[in-house]
1. Going through 71, 92 one at a time, which residue ends up being assigned to a helix (DSSP H, G or I), of a type in the set (A, V, I, L, M), surrounded by 18 or more Cβ atoms within 10 Å (Cβ to Cβ) and modelled with pLDDT of 90 or more?
2. Report, ordered by the first and then the second residue, all pairs with beta carbons closer than 8 Å, sequence separation of six or more or different chains, a first member in region 114-125 that is under 10 Å from residue 56 (Cβ atoms) and in contact (Cβ under 8 Å) with a residue 24 or more places away in the chain, and a second member that is of a type in the set (D, E, K, R) and open to solvent by less than 40 Å² (accessible area, probe 1.4 Å).
3. Take the residues of region 19-42 that are open to solvent by 30 Å² or more (accessible area, probe 1.4 Å) and assigned to a helix (DSSP H, G or I): which is nearest to residue 135 (Cα to Cα)?
4. Is it fair to say residue 131 is closer than 20 Å to residue 15 by Cβ and free of Cβ contacts under 8 Å to residues at least 12 places away in the same chain?
5. Given the conditions (1) at pLDDT 85 or above; (2) under 18 Å from the mean Cα position of the chain (by Cα), and given that residue 113 satisfies all but one, which numbered condition is not satisfied?
Amino acid sequence: MSEILADLFRHNLWANLSLIDFCAELPDEVLATNVPGTFGNIRDTLAHLVDAEDFYATALTGGLPERHSVLAESSPAIAALRDPARQSGEALIALAQTLHGDPVVTIFRRGEDQRYRSSFLLVQAIDHAVEHRTQVKTALTQAGYEPPETDGWTWDTTRLTL
């Protein structure tokens, strides 16, 4: 599609990994923090975010779901989420660079085949990640921690120094 769209997914991957790396250093009692109005506790929200991105990447490539064993676990170790997050993030970047047009993909979801435009799944991947990263950062703040900055300004400054 374009390098600009690929950059959106590069930021998304960087933000996900930044938050995962930060949370991997925290004690279990902090990872169990659950704030009303959010998806769930920090650990479960991050696992859900990574699992969903794996789903979007798989759906967009037409592959069969090949779930990482860590994503099937209940309350996985945060550090174990890093590799699946990186893999699905890199797959979404590659898709953003190579996808032409707006092909429709068919996904077996909620007991039936459903058709989605690729653009919808790409938008959903970004929106879903931002929503859940925000929830995790809110829970971290409530637990007394200052979460990492994952905004575009910080990402741009960080990537310029890499």
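The values are calculated or read from the model by the stated rules, or taken from the named source; none is laboratory data. As the structure is a prediction and not an experimental result, all values here were calculated from the model. We place every Cβ from the backbone using ideal geometry, glycine too, and count neighbours over all the protein chains shown. The protein model used for the area step is the full one, side chains on, heavy atoms only, and it has no ligands, DNA or RNA in it. Shrake-Rupley method; radii C 1.70, N 1.55, O 1.52, S 1.80 Å.
1. Selected residue: 92, the only one of 71, 92 that is assigned to a helix (DSSP H, G or I), of a type in the set (A, V, I, L, M), surrounded by 18 or more Cβ atoms within 10 Å (Cβ to Cβ) and modelled with pLDDT of 90 or more.
2. Pairs found: 125/53.
3. Among residues in region 19-42 that are open to solvent by 30 Å² or more (accessible area, probe 1.4 Å) and assigned to a helix (DSSP H, G or I), the one nearest to residue 135 (Cα to Cα) is 22.
4. Here the answer is yes, as residue 131 does meet what is asked.
5. Result: residue 113 passes all but (2).
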